[in-house]
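The values are calculated or read from the model by the stated rules, or taken from the named source; none is laboratory data. Keep in mind that this is a model prediction, so the values were computed, not measured. Virtual Cβ from ideal backbone geometry, glycine too; neighbours counted across all protein chains shown.
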Amino acid sequence: MDKETLQQTLEGHFKWFHRHPEPSNGERETTTQIRRILDEAGIEVLDVNLKTGLVARIQGTKNKPETGIERVIALRADIDALPVTEESGLEYASENAGVMHACGHDFHLSALLGAALLLREQREDLPGTVKLLFQPAEEGGGGARQVLASGVLQDVNEIYGLHVAADLPPGLIAVSPGATHAAVGSFKIIILGKGGHGAYPQQSRDPVPVAAQIVNAAQTIVSRNTSPFEHSVLSFTHVEAGNTWNVIPETALLEGTFRAFSDEKLAWIAHRLEQVSRGIAVACEVEIDFSWEMCTSATCNDPALTDFVIETAKARGLETAPSVPGMGGEDFAYYQKTIPGVFWTIGVGSPQGHHHPGFIADPAPLSTAAELLAALAIAGLQRLSCN
Ligand code: NI
């Protein structure tokens, strides 16, 4: 398939998916459409225990290994959209009220479909197997963990995934070794005081000043307890107490998020936040209920494979740059815990940032993304089959 035909085909798919966004774990129409396109191309869809999303497979016909152990590379795209009302003004804007592909997952899955079409054509050059993973529920719905639990990736040697970058020029490939997306934690602190009359505070244990002290004191965890060379952030995003002007409430609630570039650092921040909160609670004679959870691990790009991605991109004449790390989370990190892999980005020059109602991914680099995914699978399998 020549580049122009590929680009036209993928733009058609991309616009269809952009019109029909579906939320995490609700990607039914999306999955049906992906399956239809793969079926038409004669690409095998595996029988995997997933409610939405799917995994396809292309088995190469070159150099079957004598050991019988097939080399496998996985290519991953996420497929879910966000609860955002689109204001892009595009003629192919969302037709599903209150749902929008505002993070470019429609671009990712269309590029992966393109890679599938290319790899299907080049099966004779493929010394191994490629698994094409159309992952559901990346936006906080546990998609990567569902896929891992299905066991479909157990035989995979390497994994590659892509994400569009709103603020990079269309087609620029940005990738760096190590962590580029943060480990994400959420926390909840319930302060259990004693309510009473606003005029007689001595008869109560007011949770409100306790909440205020915790919010203030916690600011020093990042600014005073953390090395300026280690990136981390802690934000209180939900503060709630009381419901009227003359009653001291029983309880106060604090919620928020904290992020760092390693799981260990994340756990350490949680530990400090709990210590600080409990110390203030003791001083103020209130009880505290502290809980936190790790929502996503930090991504971790394998250094040697990152070099391989850069070389493969350059060999195709593509411009590359180091990626800009961000404090956003990405559940691709879960694959990287057991499978060496690289999460790379491609510029799409959006006028607005990710998750914004005016986010627009330029479809022009779709064929470039598809070709690079396919090239990574082919060159990766060639390298693996030589080892
Ligand atoms: Ni995303």
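Per-structure values
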| quantity | calculated |
| --- | --- |
| Residues satisfying the stated conditions in the stretch 221-242, i.e. at pLDDT 95 or above and in a loop (DSSP other than H, G, I, E, B) | GLY242 |
| Set PRO357, PRO340: member being away from the ligand (no atom under 16 Å from the Cβ), surrounded by fewer than 21 Cβ atoms within 10 Å (Cβ to Cβ) and at pLDDT 95 or above | PRO340 |
| One residue from VAL84, VAL72, VAL99 being at pLDDT 95 or above and touching a Gly at 6+ places or on another chain (Cβ under 7 Å) | VAL72 |
| Candidates GLY185, GLY161, GLY142, GLY151, filtered to the one that is of a type in the set (Gly, Ala, Ser) and within 14 Å of the ligand (Cβ to nearest atom) | GLY161 |
| PHE134 in contact with a Leu (Cβ under 7 Å, 6 or more places away or on another chain), assigned to a strand (DSSP E or B) and within 16 Å of the ligand (Cβ to nearest atom) | yes |
| Selection count where residues are more than 22 Å from GLY326 (Cα to Cα), in a strand (DSSP E or B) and not small (Gly, Ala, Ser), scope the stretch 243-258 | 5 |
| Residue satisfying all of: in the stretch 92-103; assigned to a loop (DSSP other than H, G, I, E, B) and among the hydrophobic types (A, V, I, L, M, F, W, C); farthest from the ligand (Cβ to nearest atom) among these | ALA97 |
| Of the criteria (1) away from the ligand (no atom under 13 Å from the Cβ); (2) outside any helix (DSSP H, G or I), which one ARG120 fails | (2) |
| One residue from GLU91, GLU138, GLU86, GLU95 being surrounded by fewer than 24 Cβ atoms within 10 Å (Cβ to Cβ) and touching a residue at least 24 places away in the same chain (Cβ under 8 Å) | GLU95 |
| All positions within the stretch 308-325 that are outside any loop (DSSP other than H, G, I, E, B), under 15 Å from LEU162 (Cα atoms) and either of a type in the set (Gly, Ala, Ser) or without any contact (Cβ under 8 Å) to a residue 24 or more places away in the chain (or both) | ALA313, ALA321 |
| Scan of the stretch 104-117 for residues that are in contact with a strand residue (DSSP E or B) (Cβ under 7 Å, 6 or more places away or on another chain) and away from the ligand (no atom under 11 Å from the Cβ), ordered by number | LEU109, ALA111, LEU112, ALA115, ALA116 |
| Residue that is surrounded by the fewest Cβ atoms within 10 Å (Cβ to Cβ) [pool: residues in the stretch 282-336 that are acidic (Asp, Glu) and within 16 Å of the ligand (Cβ to nearest atom)] | GLU330 |
| Cross-chain or 6+ apart pairs with Cβ under 7 Å, the stretch 27-42 first and surrounded by 14 or more Cβ atoms within 10 Å (Cβ to Cβ), then at pLDDT 95 or above and among the acidic types (Asp, Glu) | GLU27/ASP80; GLU29/GLU22; THR30/GLU22 |
| Any hit, the stretch 348-360, residues being assigned to a strand (DSSP E or B), out of contact with any Ser or Thr (no Cβ under 6 Å at 6 or more places or on another chain) and touching a residue at least 24 places away in the same chain (Cβ under 8 Å) | no |
